[in-house]
Amino acid sequence: MVYITGDIHGDLKPIYDLFKRYEPEEDDVIVILGDVAVNYTGTLRDVVMKDRMKKMRTTFFCIHGNHENRPQNIASYKEKVWNGGRVLYEDDYPNIFFPVDGDIFYIEGKKCIVIGGAYSVDKYYRLRNGYKWWPDEQPSPTIKEYVEKQLSENKIDVVFSHTCPDKYIPTECFLSGIDQSKVDNSTEEWLDTIEEKLEYEAWYLGHWHTDKRIDKMHFLFHGVEVL
């Protein structure tokens, strides 16, 4: 079984709630659609969180968000192939996977592509207050080119992303006090071009801290869906 949920930002309570409600087994997979934040501080706080996730034994498939460092930047991560695509993991935490953006995974009989990243509207707040921020939070031109190549050569059933195509942005979720004219929506605009020419069954995403559905677009925060 594959369970899908949204951002947890370093707080495992939503995952504990998922376990209490669904009782996932060791062979099951939990997809977290970005901002897991186990690679946020680089301190003991991250280690404690990973230790707790390791004890759950279930496989965690963690899409890259915008409130966490990319595992490619962290020396302890290694790469391996899992279900047809590349994942990054640490020897000490063999059940926590970060899939490579643009890779395609065969999960529950579905061909699933991963497209992580988004812009942080709290970027300047974090920089002013000494909190972590990473300049490679959004997909690079290289990643975008790779995603487009993959989609041109493969029929995709499911998309796992952190943010949504521009046309689906839930404006009711905008944070007060943020000047939207200064927000970089280039990732969402690019995803618009992807979505317009893609035939797919379902698209799952986090980032917006809401649980709702628009057509085949599944927004998840603390809600849970089964693939």
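The values are calculated or read from the model by the stated rules, or taken from the named source; none is laboratory data. Values in this document were obtained by computation on a predicted structure and should not be read as measured data. Here the Cβ is made from the backbone with ideal geometry for all residues, glycine too, and neighbour counts use every protein chain on show.
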Among residues belonging to segment 209-220 that are in contact with a Leu (Cβ under 9 Å, 6 or more places away or on another chain) and of a type in the set (A, V, I, L, M, F, W, C), point out the one that is surrounded by the fewest Cβ atoms within 10 Å (Cβ to Cβ). Met217
Considering residues of segment 160-186 that are polar (S, T, N, Q) and in contact with a strand residue (DSSP E or B) (Cβ under 9 Å, 6 or more places away or on another chain) only, the residue surrounded by the most Cβ atoms within 10 Å (Cβ to Cβ): Ser161
Flagged in segment 111-120 as within 10 Å of Val159 (Cα to Cα) and surrounded by fewer than 23 Cβ atoms within 10 Å (Cβ to Cβ), in numbering order, are Lys111
Note on segment 87-106: residues among the charged types (D, E, K, R) and buried (at least 17 other Cβ atoms within 10 Å of the Cβ) are Glu90, Asp101, Asp103
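Starting from residues that are part of a helix (DSSP H, G or I) and in contact (Cβ under 8 Å) with a residue 12 or more places away in the chain, keep the ones in segment 1-45 and report whichever is surrounded by the fewest Cβ atoms within 10 Å (Cβ to Cβ).
For segment 1-45, the residue satisfying everything is Arg21.
Can you find even one residue in segment 67-87 that is touching a helix residue (DSSP H, G or I) at 6+ places or on another chain (Cβ under 7 Å) and not hydrophobic (A, V, I, L, M, F, W, C)? Give the derivation first.
Residues of segment 67-87 touching a helix residue (DSSP H, G or I) at 6+ places or on another chain (Cβ under 7 Å): 77.
Of the ones still in play, those that are also not hydrophobic (A, V, I, L, M, F, W, C) are 77.
Among the residues of segment 67-87, at least one is touching a helix residue (DSSP H, G or I) at 6+ places or on another chain (Cβ under 7 Å) and not hydrophobic (A, V, I, L, M, F, W, C), which makes the answer yes.
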Any chance Phe60 is touching a Cys at 6+ places or on another chain (Cβ under 8 Å), surrounded by 15 or more Cβ atoms within 10 Å (Cβ to Cβ) and modelled with pLDDT of 95 or more: no
